[in-house]
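Read the structure below first, then the notes.
The values are calculated or read from the model by the stated rules, or taken from the named source; none is laboratory data. All of these numbers come straight from a predicted model, not from anything done at the bench. Note that each Cβ is placed from the backbone with ideal geometry, even for glycine, and that neighbours are counted across all protein chains shown.
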Ligand code: ADP
Ligand code: MG
């Protein structure tokens, strides 16, 4: 592309809230055939709300939420914010924590007022050696509603479940439709579990879902697609998406997400909605058509 046509395209992009890093990013994007999208914060608002607190043992609901929310004050994850806000709305006083530790893509643990608490997904429970099979039916019914369910462990024992739900952004469905229509193959990759992920994907017409994926797994997926000759763009919002954004042919960061995601991206969507990808696609195609 000529420097002039690139300049015009990036200028128009910026005007529409699509920040394109350089000529290379624009050129590469015109060749992309596969788009990987992260779920939380990309397809969805990324502002989940607490929906359920289920006590499974001796710890009553309010205490369960108190322990979970106190612990999550140490985390910057959107799920953590939902749990803390949920506790505050219910007027539950929180406790001080010590020894906080986060396992990326899995959950958090620490000491809440002298009690060992862990909170996270099935992978974290596996790491802790805690069997959750007895609660499978309850779990699946929450997940089939698109809810993300986390396990709460108190003193090494499964004490309950907390569930949150995250709304799909109002602009997502139309953008996915337009991107499909433009010939892109779309894959949803998420650290969330299969049932929840499928429920969200189904409502958007996305049929390729990779769930239970750790941050390194998103990068591995890109490597797998590259080995098959695909040209891959990856859209994500989080700190945990940075390695995948960097590994993709074009990384697309949600401007509403983490700074490190934007640093790793060739394209940043200021408004954080997927219509920005539709716009970027049109710009890239128009620019490249002019020069061929
Ligand atoms: P996504 O790929 O959908 O953005 P993440 O990789 O950020 O998801 O998180 C994957 C999963 O790890 C979450 O669905 C949740 O089960 C668990 N998890 C991550 N961080 C936390 C946290 N702070 N508290 C509880 N669970 C967490
Ligand atoms: Mg995310």
| said: For the range 12-23, give me each residue that is in a helix (DSSP H, G or I) and either surrounded by 12 or more Cβ atoms within 10 Å (Cβ to Cβ) or not assigned by TED's automatic domain parsing to the domain that holds residue 255 (or both). | reply: 12, 13, 14, 23
| Meets criteria (away from ligand 2 (no atom under 16 Å from the Cβ) and either at pLDDT below 95 or within 30 Å of residue 29 (Cβ to Cβ) (or both)) for residue 163 | no
| request: Taking the options 259, 249, name whichever one is modelled with pLDDT of 95 or more and surrounded by fewer than 24 Cβ atoms within 10 Å (Cβ to Cβ). | output: 249
| said: Please return the ranges of helices (runs of 4 or more DSSP H) entirely within the range 235-292 where 3 or more residues are without any contact (Cβ under 8 Å) to a residue 60 or more places away in the chain. | reply: 242-247, 259-263
| said: Out of 137, 159, 126, I need the residue that is in the same structural domain as residue 87 (by TED's automatic domain parsing) and assigned to a strand (DSSP E or B). Which one? | reply: 159
| message | When you scan the range 168-182, do you find a residue that is under 30 Å from residue 126 (Cβ atoms), within 14 Å of ligand 1 (Cβ to nearest atom), more than 20 Å from the chain's Cα centre (by Cα) and part of a strand (DSSP E or B), even just one? | response | no
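Quickly run through the range 42-71 and pick out the residues that are part of a helix (DSSP H, G or I) and either surrounded by fewer than 24 Cβ atoms within 10 Å (Cβ to Cβ) or away from ligand 2 (no atom under 16 Å from the Cβ) (or both). Break it down stepwise before answering.
The initial filter retains those residues of the range 42-71 that are part of a helix (DSSP H, G or I), namely 42-43, 61-71.
Answer for the range 42-71, where residues must be part of a helix (DSSP H, G or I) and either surrounded by fewer than 24 Cβ atoms within 10 Å (Cβ to Cβ) or away from ligand 2 (no atom under 16 Å from the Cβ) (or both): 61, 62, 63, 64, 65, 66, 67, 68, 69, 70, 71.
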| Identify, please: which residue in the range 116-127 is surrounded by fewer than 17 Cβ atoms within 10 Å (Cβ to Cβ) and free of Cβ contacts under 8 Å to residues at least 60 places away in the same chain and is, among those, farthest from ligand 1 (Cβ to nearest atom)? | 116
| request: Identify, from the list 74, 105, the residue that is within 14 Å of ligand 1 (Cβ to nearest atom), in a loop (DSSP other than H, G, I, E, B) and over 27 Å from residue 209 (Cα atoms). | output: 74
